[in-house]
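Engineer: This structure is in structure tokens; I'll ask about it shortly.
The values are calculated or read from the model by the stated rules, or taken from the named source; none is laboratory data. Here the structure is a predicted model, which means the values were calculated and not measured. Glycine gets a Cβ as well: all are built from the backbone with ideal geometry, and neighbour counts include every protein chain shown. The accessibility values were calculated without ligands, DNA or RNA, using every heavy atom of the protein model including side chains. Shrake-Rupley method; radii C 1.70, N 1.55, O 1.52, S 1.80 Å.
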Amino acid sequence: GTITVKDDKSVSGSIKITGFTATAAHIHTGAAGKNGPVIIPLTKSSDGSTFSVPAGAKLTDAQYNEYKAGNLYVNAHSAAYKGGEVRGQLKP
């Protein structure tokens, strides 16, 4: 997938899950190897495997600073791994 964060702090993009059935996906705050809170829940499409950033999503100033420091990640959850099955750090 691709998640884009612009200089105005707007967030857009989507991810497509293959190989397992995702129950949810979110953007979280957290450094690599650390868990953190959900900041943007992603919306599941009708195909069941694509999750998109909701229209109009924006980061706060503090969240944007975390993004610039490499401390945001996308996490896809499944029934088997409720805490997250696949994770990817967002790189500025």
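Engineer: Would you please state which residues of the range 39-66 a label at K6 would reach in this model, taking the label point 7 Å out along Cα→Cβ and a backbone N cut-off of under 13 Å?
Structural biologist: Within reach of a label on K6, which here means backbone N under 13 Å from a point 7 Å along Cα→Cβ, the range 39-66 contributes 55-59.
Engineer: 7 Å from Cα along Cα→Cβ at both Y81 and T18: what's the point-to-point distance in nm?
Structural biologist: My value for the distance between the label points is 1.7 nm.
Engineer: Another question about this same structure. To the nearest 500 deg cm²/dmol, what mean residue ellipticity at 222 nm is calculated for the chain from DSSP H runs of n ≥ 4 alone, each contributing -39,500 (n - 2.57), summed and divided by the residues?
Structural biologist: -2500 deg cm²/dmol
Engineer: Let me ask something else. Would you mind getting the accessible area per residue of the range 8-76, heavy atoms of the protein chains only, 1.4 Å probe, in Å²?
Structural biologist: 51
Engineer: Under a Cβ-only charge scheme (Lys and Arg +1, Asp and Glu -1), can you give me the dipole magnitude of the chain about the Cα centre, in debye to the nearest 20?
Structural biologist: 100
Engineer: Under the classification rounded if a/c is under 1.5, otherwise prolate if a/b is larger than b/c and oblate if not, where does the chain fall, given a ≥ b ≥ c as square roots of the Cα gyration tensor eigenvalues?
Structural biologist: Oblate shape, in that a/c is at least 1.5 and b/c is the bigger or equal ratio.
Engineer: So, with a 1.4 angstrom probe, what is the percent of accessible area on the chain that is carbon and sulfur?
Structural biologist: On the chain, the fraction of accessible area on carbon and sulfur atoms equals 52 percent.
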